[in-house]
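For reference, the structure is listed below as structure tokens.
The values are calculated or read from the model by the stated rules, or taken from the named source; none is laboratory data. Only a predicted model underlies this, so the values are computations on that prediction, with no experimental measurement involved. Positions of Cβ are backbone-derived with ideal geometry, glycine not excepted, and every protein chain shown enters the neighbour counts.
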Amino acid sequence: MIRAYIKSIAYCVPDKIVTNDDLSKIMDTSDEWIISHTGIKKRHFIGENENNSDIAAKAAKIAMKKGGITADEIDFIIVCTGSADYLGFPATACLVQEKLGAKNAGAYDISAACTGFVFGVETAANFIKSGNYKNILVIGSEVLSRIIDMSDRNTAVLFGDGAGAALISGNEDSESKSEIISSYLRADGSGENALKRPLGGTAHPFIPGVTDPKECFIYMNGRQVYNFAVKAVTNTILQIMEKNNLTIDSIKYIIPHQANIRIIEAAANRASIPIEKFYINIENYANTSAATIPIALTEVVDKNLIQRGDNIITVGFGGGLTYGGNYIKW
Ligand code: ACO
């Protein structure tokens, strides 16, 4: 039996750091408000000459180097993003394929907002288990700085740019390693209006002189998303624990989507899980949507916080609405 495992993982954030104080110079906000309401201290914003596909490719190249594979050995590239280089097509994954020179790879994007990486990991794991693919790059990559309204303090302070890439490969040894054991994936389309980019799709196309260009930016009903998110995180963790006979003590780390520290704290409280089990790095990157989980997982691995055999759970939630998680035995 072929097992799907995370062979390597890496991330890339743009060089430019934007602090809360930087934002308070251009909008009516403060370091104190942002930290106390979100846990965010700073975020990275992409430079003028870079795009989503550039940071996605950079993260992928580091993951490939760590995993010891060449571009020719990649069979498939999945980019999970809500802030693609282009609306609709071409897929950002195709641009990454060209940047990597991965001439033997198929490529497409997954649109599941902040839960994208969780969906991508499960998709790749099943491609691998089919035996038809050997090495798949799953990349969560976002350039949210270009789709937020910098005059709206309700959303502008929450987001950052970044990319995280996992190389998912097949393991045919009898011994398990960083194996993707199972996932829990859900959607609730009744929450369509809680989090969206209202304009630019075919439902509401941009019509010059008629539509307000500001509606291309992220719209969020913060309270509605908060209430959904706390339930989604709790539900996902409990479902994965039950399905896989896991106890809280047997879980080493939960890697949650980093949208707001208060969501993580409320979910931990609701599920009676010690907050120390959750890896949190939102203070440094803010919400990078589909990139938060792979960035956090890379840090956990690079800091040697998990060892072979440790149980970890990822948990995401986002626009769609979508939510879910992966159970990985490291
Ligand atoms: N700086 C200063 N004041 C602000 C700011 C800001 N950046 N933003 C809002 N305020 C003000 C509001 O105007 C309001 O003022 P008022 O009482 O005079 O009207 C006050 O702060 C409180 O506003 P609330 O919206 O009630 O603030 P709340 O405590 O609910 O926090 C937040 C807002 C952080 C957005 C919260 O609702 C939340 O965490 N929502 C979850 C959504 C989220 O994290 N989304 C991330 C993206 S979605 C995703 O990743 C899936």
Sole miss for Y279 among (1) surrounded by fewer than 24 Cβ atoms within 10 Å (Cβ to Cβ); (2) more than 17 Å from N326 (Cβ to Cβ); (3) under 20 Å from the mean Cα position of the chain (by Cα); (4) not acidic (D, E) is condition (2)
Scanning the range 111-163 residue by residue, the ones that are within 12 Å of the ligand (Cβ to nearest atom), of a type in the set (S, T, N, Q) and in a loop (DSSP other than H, G, I, E, B) total 1
Discussion item. Please determine whether any residue of the range 48-61 is over 25 Å from D22 (Cβ atoms) and surrounded by fewer than 19 Cβ atoms within 10 Å (Cβ to Cβ).
Written reply: yes
Residues in the range 205-225 that are small (G, A, S) and either touching a residue at least 40 places away in the same chain (Cβ under 8 Å) or surrounded by 10 or more Cβ atoms within 10 Å (Cβ to Cβ) (or both) total 1
When restricted to A125, A187, the only residue buried (at least 19 other Cβ atoms within 10 Å of the Cβ) and modelled with pLDDT of 95 or more is A125
(message) Take the conditions buried (at least 24 other Cβ atoms within 10 Å of the Cβ) and either of a type outside the set (K, R) or not in a strand (DSSP E or B) (or both) and apply them to G325. Does it pass?
(response) yes
With the first residue restricted to the range 140-162 and required to be free of Cβ contacts under 8 Å to residues at least 12 places away in the same chain and at positive phi, and the second required to be away from the ligand (no atom under 12 Å from the Cβ) and not in a helix (DSSP H, G or I), Cβ contacts under 6 Å at 6 or more apart or on different chains are none
Residues of the range 265-286 being out of contact with any Leu (no Cβ under 9 Å at 6 or more places or on another chain) and farther than 18 Å from I306 by Cβ, in sequence order, are E265, A266, A267, A268, N269, R270, S272, I282, E283, N284, Y285
